[in-house]
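Reviewing the structure listed below.
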Amino acid sequence: MSPLDITTRDVATGPVLQIIGELDYGNASVLRELLTTITLQPGQRLVLDLARMDFCDSSGLTALIAARNHAHAAQADIALAAVPANTLRVLRIVGLDQVFPLHPDSDSATRGPDAR
């Protein structure tokens, strides 16, 4: 099990969380707990930058869904950026690529409410 590190930065459209390491059974709670400390305003966008995420299992997917639920409860948007190929494949298999807006990088994900 690799450690999970999450860095947070604020941009004009809302917070960007960079997920670094493995988002798995042993670490997914770190993201879920962090979400409880993030206040979103209606219309903001929460971006999860996955460029440096090494692995994501079903617990990690559940944490991503928790992030989506957190954003939607605040009437905010969510986007995934730089999804690694192996995770993208799983998102497509389970249909989550239809649930999450996907962006090639965090810059395109933070371009504003109409950025897709």
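The values are calculated or read from the model by the stated rules, or taken from the named source; none is laboratory data. Keep in mind that this is a model prediction, so the values were computed, not measured. We place every Cβ from the backbone using ideal geometry, glycine too, and count neighbours over all the protein chains shown.
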Could you check, for the stretch 24-32, whether at least one of its residues is under 24 Å from Asp107 (Cβ atoms), more than 10 Å from the chain's Cα centre (by Cα) and of a type outside the set (Lys, Arg)? no
Qualifying positions in the stretch 17-37 - of a type in the set (Val, Ile, Thr) and closer than 16 Å to Asp5 by Cα: Ile19, Ile20, Val30, Thr37
Test result for Arg92, more than 11 Å from the chain's Cα centre (by Cα) and modelled with pLDDT under 95: no
